[in-house]
Amino acid sequence: MTSTIQEPKSNTLLETEKVYRKLQINYTRCKQQDHTQLLDEAAASFRYEDCQDEYWNPEEFSLLYGTPLWEQSSASQRIILNQLYWVAYYSQIISAEIATIYFNQTSAAGLYAQEDFRLVCDILDLESGQERAHINAFKTISTQVEAALFGKRVFSYPMRGPFTETMIFADTNALKAWWKKLQLQCFGLLSAGNTFLACQYFTVRGVRTLNGKLVQHKLSNYYQKHPNQEKAPIPAKISYYHFMDESFHFNSSTILSHDVINCLKSPTAFESFVANLGIRGCQKDHYHFSAAINGIFWYDPALYPAIYEVMRSRVFGMSDREAKEMIQKCFTQESEGLNRSYETHKEAIESYKIYLEKINYTWKTNKEMSIMSANSIPKYLATQKKAIGNW
Ligand SMILES: [Fe+2]
Ligand SMILES: [Fe+2]
């Protein structure tokens with residue numbers, strides 16, 4: 001005789017077979033094509049001397065590309081700027097992925113409270129493990145390069161926790177950083193105990209990953225199109241392997257925030273308020289664009305000291321005055337580099353809008369990305385001119 005337990009009806013994931021299948025397929029493929037081992041091997045065999053004389057990214061993905069500095073740089077300086085783009089870019093990704101690991105875990109706690117959510121949590125566990133391999137690879141390369149070029153850290157930083165400002169060059173101060181930390185801690189606690197908020201974290205993660213995808217797709221192409229992949233520089237290989245893993249992460253964000261969310265009860269007013277705050281926070285984080293680095297939404301005045309270090313280093317060998325004049329030229333005038341970064345910013349806005357189209361609890365200002373869209377080249381230049389004056 002078989003007996004069953006009669007319980008009040010609750011949402012279960014298995015009821016929505018189509019969604020469950022989608023998750024399962026994504027999980028199986030992500031496991032099969034896991035790049036952890038390849039990334040670990042690549043990082044372990046990296047020696048800067050082996051690839052210090054070549055590009056690691058397509059040329060337009062170079063630090064300060066299309067600015068006055070780029071125009072006057074020699075071929076060998078341009079190679080360094082190309083490599084420094086890699087270092088700076090992935091130093092930012094490390095910070096984002098440290099936060100991702102933490103929120104994957106708190107969200108898994110919130111989601112595991114539902115029937116049949118084991119699969120979702122297993123996916124998140126796999127992804128967190130992959131992020132640790134990504135971070136290790138980025139960190140190994142960045143540290144080695146900066147040690148060789150500068151003898152100190154410029155864009156990279158020692159290991160840190162998930163509650164620091166995610167943008168490593170942000171428009172911040174001690175008070176803002178404290179407030180941000182408090183918000184992140186609150187969201188962690190809330191999402192661990194609330195399935196809707198846990199699930200909606202993936203809306204924010206999806207939007208952030210979209211930003212990454214825009215650029216990382218192009219970075220990964222460098223390896224894919226390389227005439228001799230065996231001999232391709234290891235950092236280019238890492239860009240490609242990372243992009244492969246991330247495409248699965250993006251899929252899981254999409255399934256969770258577009259499909260799984262519909263298997264849950266509709267949000268309360270408080271839940272949709274917190275969810276919208278999260279998306280608004282993302283808009284605020286992505287408000288700026290940078291003339292120095294296309295595709296990362298850094299606040300350039302916070303970046304001047306790092307760029308100053310680069311110019312004073314033996315790579316450019318500038319005097320204090322030359323370095324400051326160059327910073328003024330690069331950041332306070334319109335340039336091809338600035339225009340390209342602005343184009344990527346606009347492209348990001350459009351892709352975020354499409355991503356949020358299907359989500360019905362979002363505020364109009366989030367659906368239309370009105371905070372991010374308010375930035376412009378004249379505003380950028382006005383901000384820089386003011387900041388340079390106080391620098
Ligand atoms: Fe990653
Ligand atoms: Fe990821």
Please indicate, with yes or no, whether at least one residue in segment 110-123 is crowded, with 21+ Cβ neighbours inside 10 Å and within 16 Å of ligand 2 (Cβ to nearest atom). yes
Is at least one residue of segment 131-151 loosely packed, with under 14 Cβ neighbours inside 10 Å, assigned to a loop (DSSP other than H, G, I, E, B) and either within 16 Å of ligand 2 (Cβ to nearest atom) or not β-branched (Val, Ile, Thr) (or both)? yes
Residue under evaluation Pro267, criteria (1) farther than 28 Å from Phe61 by Cα; (2) in a helix (DSSP H, G or I), criterion not met: (2)
Residues of segment 225-261 satisfying the condition of being more than 15 Å from ligand 1 (Cβ to nearest atom) and without any contact (Cβ under 8 Å) to a residue 40 or more places away in the chain: Lys225, His226, Pro227, Asn228, Gln229, Glu230, Lys231, Ala232
Filter result for the condition that a residue is within 21 Å of Tyr85 (Cβ to Cβ) and among the aliphatic types (A, V, I, L, M), over Ile327, Ile349: Ile327
Conditions first: (1) of a type in the set (D, E, K, R); (2) in contact with a strand residue (DSSP E or B) (Cβ under 9 Å, 6 or more places away or on another chain); (3) within 16 Å of ligand 1 (Cβ to nearest atom). Asp40 passes all but one, so which condition is the exception? (2)
Condition broken by Glu357, with the remaining ones in (1) at pLDDT below 95; (2) surrounded by 15 or more Cβ atoms within 10 Å (Cβ to Cβ) satisfied: (2)
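Here is a list: Gly317, Gly278. Which entry is free of Cβ contacts under 8 Å to residues at least 40 places away in the same chain and not basic (Lys, Arg)? Don't jump to the end; show me each part of the working.
Details: Gly278 fails: free of Cβ contacts under 8 Å to residues at least 40 places away in the same chain.
Answer to the check: Gly317.
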In segment 183-214, which residues are of a type in the set (Gly, Ala, Ser), within 20 Å of Met372 (Cβ to Cβ) and more than 16 Å from ligand 1 (Cβ to nearest atom)? none
Taking segment 163-177 on its own, how many of its residues are more than 19 Å from Gly278 (Cβ to Cβ) and without any contact (Cβ under 8 Å) to a residue 40 or more places away in the chain? 3
Test: residue in segment 186-207 that is without any contact (Cβ under 8 Å) to a residue 60 or more places away in the chain and either aliphatic (A, V, I, L, M) or crowded, with 21+ Cβ neighbours inside 10 Å (or both): no
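The values are calculated or read from the model by the stated rules, or taken from the named source; none is laboratory data. Note that the structure is a prediction, hence the values are computed from the model and not measured. We place every Cβ from the backbone using ideal geometry, glycine too, and count neighbours over all the protein chains shown.
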